[in-house]
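The next block holds one structure in the form of structure tokens; read it before the comments.
The values are calculated or read from the model by the stated rules, or taken from the named source; none is laboratory data. Predicted model only: the values in this text are computed from it and were never measured. Cβ placement follows ideal geometry from the backbone for every residue including glycine, while neighbour counts extend to all protein chains displayed. Protein only, heavy atoms only, side chains kept; ligands, DNA and RNA dropped before computing areas. Shrake-Rupley method; radii C 1.70, N 1.55, O 1.52, S 1.80 Å.
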Amino acid sequence: MPDQAALAAPGIQAITVTSNPQGGQEYTVTIQILALMTLMTVLPALLLTMTSFTRIVIVLGLLRQAIGTAQAPSNQVLLGLSLFLTFFIMTPVFDKVNSEAIQPYMDEKITLTTALEKASGPFRTFMLRQTRETDLEMFMRIANREDFQSVDDVPFSLLLPAYVTSELKTAFQIGFLLFLPFLIIDLVVASVLMSMGMMMLSPMIVSLPFKIMLFVLADGWSIVMEMLAASFYV
């Protein structure tokens, strides 16, 4: 027969708040795990908004459209390539977050709140370097928050949309430059076909092998990868 005391024992407490000697409050491990599990659900959104992923995946998508190949490389390949290139570019930021926030927290030298504050610092520095002042000023004007003494006082609620807007602008500017050489090939092929009277033949079909050959001979993938990586640390 089960122990009556065990049956009467209460379950795991959801919230337990204790006061520390400095006058602050600390939460139980249960709440910390709940907060971490909640954070895991928003990791995809954080990946899109706080790293280099947005610029990379848009540029690669525009490059595929400029070449004229509908599904080569496939979406899975582009997403995987964008993800690993993002990890490569963001490695200095991740290493700094690990040394300043994650490891001290794992060693119980700092609290969870302090670890989150220290982890946000490297991301804030990275995002500020890629954010245009005009975009940041626009969101400050929309929010009616123009009383900041420096950019370090700008909250994430304003920095995140400004950073994403700047990334979209930069990605489309790079995509425009990538379109130009392939557009020239399309124009040349279309002019030749028109002069030969082959109006029923699609210029896209004829120009596609030439665009692929040009891209391969110019070592296009290496150039694009190098250009994307260098664009974040110039």
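Here is a list: MET225, MET196. Which entry is open to solvent by 90 Å² or more (accessible area, probe 1.4 Å) and of a type outside the set (Lys, Arg)?
The unique qualifying residue is MET196.
Scan LEU183, LEU187, LEU217, LEU178 and give me the residue that is at pLDDT 80 or above and surrounded by fewer than 11 Cβ atoms within 10 Å (Cβ to Cβ).
Residue meeting the stated conditions: LEU217.
Hey, can you tell me all the residues within region 48-63 that are within 18 Å of ARG129 (Cα to Cα) and either over 13 Å from the mean Cα position of the chain (by Cα) or assigned to a helix (DSSP H, G or I) (or both)?
LEU48, THR49, MET50, PHE53, THR54, ARG55, ILE56
If a residue counts only when it is under 30 Å from LEU136 (Cα atoms) and of a type in the set (Gly, Ala, Ser), which helices (runs of 4 or more DSSP H) contained entirely in region 155-234 have at least 1 such residues?
156-195, 220-230
I'm trying to understand the selection: among the residues of region 119-175, which are hydrophobic (A, V, I, L, M, F, W, C) and either loosely packed, with under 12 Cβ neighbours inside 10 Å or in contact with a Ser or Thr (Cβ under 6 Å, 6 or more places away or on another chain) (or both)?
The answer is ILE142, LEU160, ALA162, VAL164.
Could you tell me whether region 65-88 includes any residue that is surrounded by fewer than 15 Cβ atoms within 10 Å (Cβ to Cβ) and under 14 Å from ALA171 (Cβ atoms)?
yes
I'd like the full set of residues that are without any contact (Cβ under 8 Å) to a residue 60 or more places away in the chain, hydrophobic (A, V, I, L, M, F, W, C) and surrounded by 13 or more Cβ atoms within 10 Å (Cβ to Cβ), limited to region 89-118.
Those that are without any contact (Cβ under 8 Å) to a residue 60 or more places away in the chain, hydrophobic (A, V, I, L, M, F, W, C) and surrounded by 13 or more Cβ atoms within 10 Å (Cβ to Cβ): MET90, VAL93, PHE94, VAL97, ALA101, ILE102, ILE110, ALA115, LEU116.
Looking at region 193-219, I want the residues that are under 20 Å from LEU63 (Cβ atoms) and have a partner that is modelled with pLDDT under 75 with Cβ atoms under 8 Å, at least 6 apart or on another chain. Which pairs are those?
Close Cβ pairs (under 8 Å, with a partner that is modelled with pLDDT under 75) do not exist here.
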